[in-house]
Structures are given as structure tokens and as C-alpha cells.
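**Q** Sharing a structure, written as C-alpha cells. Questions coming.
The values are calculated or read from the model by the stated rules, or taken from the named source; none is laboratory data. Everything quoted here is computed from the prediction, not taken from an experiment. Glycine gets a Cβ as well: all are built from the backbone with ideal geometry, and neighbour counts include every protein chain shown. Each accessible area value is taken on the protein alone, full model and side chains, heavy atoms only, with ligands, DNA and RNA left out. Shrake-Rupley method; radii C 1.70, N 1.55, O 1.52, S 1.80 Å.
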Amino acid sequence: MKLDYQLTTPRLILRPFKTADLNAFFEAVNQSAPYLEPWLEWCDSDFDQQQAHEWIAASRLSWQHDYSYELAIFDRFSDEFVGTVSLSAITPLFNSANLGYWISHNYHRQGMATEASLAIIQFGFQILGLTRLEIITHIDNYASQKTALACNAIFECEARNRIFYRNKPINGYVYSLIPQDLY
């Protein structure tokens with residue numbers, strides 16, 4: 001898919017990463033690391049600009065080759081970097097993908113994750129033609145669970161060893177969405 005794709009919502013602009021996003025992305029990760037580290041293994045105080053650069057390059061390559069679709073989220077009015085939302089682990093055999101999101105600490109508790117997620121959910125169902133999306137959360141990640149439910153996802157189960165975190169399998173909650181959940 002082309003890298004000039006863009007989604008807009010009432011408050012947000014979502015688009016594939018650009019190299020020019022490096023500093024804003026790096027700054028947001030570092031400011032938010034204490035809040036995200038319990039849930040995102042890659043997000044810690046050691047995250048550096050080289051890793052941020054590699055992340056953006058990998059994100060762009062995955063988008064171009066239809067491996068995954070990660071969108072950088074920006075505040076529509078201030079153009080500030082807000083976070084990311086993505087469809088990954090796309091499985092053609094099951095016509096499904098995983099939905100993931102993280103929001104910069106400065107934008108927590110403002111509904112930004114829900115707004116961005118709903119936009120990429122519609123992209124997944126309407127543009128990609130997917131028929132199932134899964135949101136996998138840590139059992140004690142209440143904010144992520146709240147976002148999943150706000151997107152009308154259905155809690156399915158506690159899946160054993162569903163998350164591999166810090167070289168250890170742990171249980172995770174599985175939420176799902178199908179097109180009928182939105183329309």
C-alpha cells in the first residue's frame with residue numbers, strides 16, 4: 001500500500017510514519033516509557049534514537065509490503081505526535097489481524113486511543129477486507145482493556161501463554177471485533 005495514505009478523525013490525523021517523525025516519536029517514547037514499559041517490552045529507558053530510526057524504517061517497509069499497517073497519530077489541531085495504532089500479525093488464512101495501540105503520556109485519558117483505534121478498525125474491515133481483529137492485553141493493563149471495550153470489542157477469554165514478555169510466556173486477555181460489531 002502507498003505511504004501517502006491518511007485517515008482523519010474529528011481530533012486526529014493518522015498516517016504511515018515518515019523519517020521526519022523521528023524526533024517527535026523518540027521524545028514521546030522517552031516521556032512515556034515509565035507508563036508503557038510494563039506493557040511494551042521494547043519501550044524502556046534505554047530506547048535510543050537509533051532504535052527509533054530503525055522502528056520507523058521497519059514500519060514504513062512493513063506498510064509498503066502489506067505485512068502490517070502502523071499509523072503514527074497526530075493531534076489534528078496542534079500537529080503534535082500522540083502515539084501509534086497498528087494492525088499486525090495479519091493472517092490471510094484466517095483473514096484476521098491484531099490491533100495494537102499506545103498513546104503518549106501527555107494524551108492519556110482523553111479517548112485518543114479509542115478514536116484512533118476505531119479509525120484503523122474501519123480501515124481493516126472496509127479497505128483490507130479483514131473479518132476479525134484481536135486485541136491482546138496484559139491481564140492487569142486496565143487502560144488497554146477499557147479502550148478495547150470502548151471500541152465495542154468483545155472479551156473472549158484469558159488465553160494461557162498468549163503474550164511473550166521479557167523472555168517469559170504469560171497469560172493475556174483476548175478481545176475480538178468482527179465487522180458486525182461496528183455496523
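**Q** Starting from the range 115-128, keep only residues that are on the phi < 0 side of the Ramachandran plot and at pLDDT 95 or above, then list their pairs with residues that are part of a helix (DSSP H, G or I) and not hydrophobic (A, V, I, L, M, F, W, C) whose Cβ atoms are within a distance under 7 Å, requiring at least 6 positions of separation or different chains.
**A** SER117/THR147; PHE125/PRO179
**Q** Going through ILE136, ILE178, ILE163 one at a time, which residue ends up being open to solvent by less than 70 Å² (accessible area, probe 1.4 Å) and more than 27 Å from TYR5 (Cβ to Cβ)? Full working, then the answer.
**A** Numbers: ILE136 fails: more than 27 Å from TYR5 (Cβ to Cβ); ILE178 fails: more than 27 Å from TYR5 (Cβ to Cβ).
One residue alone meets the criteria, ILE163.
**Q** Select from the range 4-18 the residues that are more than 17 Å from the chain's Cα centre (by Cα) and under 14 Å from LEU61 (Cα atoms) and list them in ascending order.
**A** Within the range 4-18, just ASP4 meets the criteria.
**Q** Further question: Within the range 12-34, work out how many residues are surrounded by 17 or more Cβ atoms within 10 Å (Cβ to Cβ) and in a loop (DSSP other than H, G, I, E, B).
**A** So the count comes out to 2.
**Q** For the range 35-52, give me each residue that is part of a helix (DSSP H, G or I) and either open to solvent by 60 Å² or more (accessible area, probe 1.4 Å) or of a type in the set (S, T, N, Q) (or both).
**A** The initial filter retains those residues of the range 35-52 that are part of a helix (DSSP H, G or I), namely 35-36, 49-52.
Of everything in the range 35-52, those that are part of a helix (DSSP H, G or I) and either open to solvent by 60 Å² or more (accessible area, probe 1.4 Å) or of a type in the set (S, T, N, Q) (or both) turn out to be TYR35, GLN49, GLN50, GLN51.
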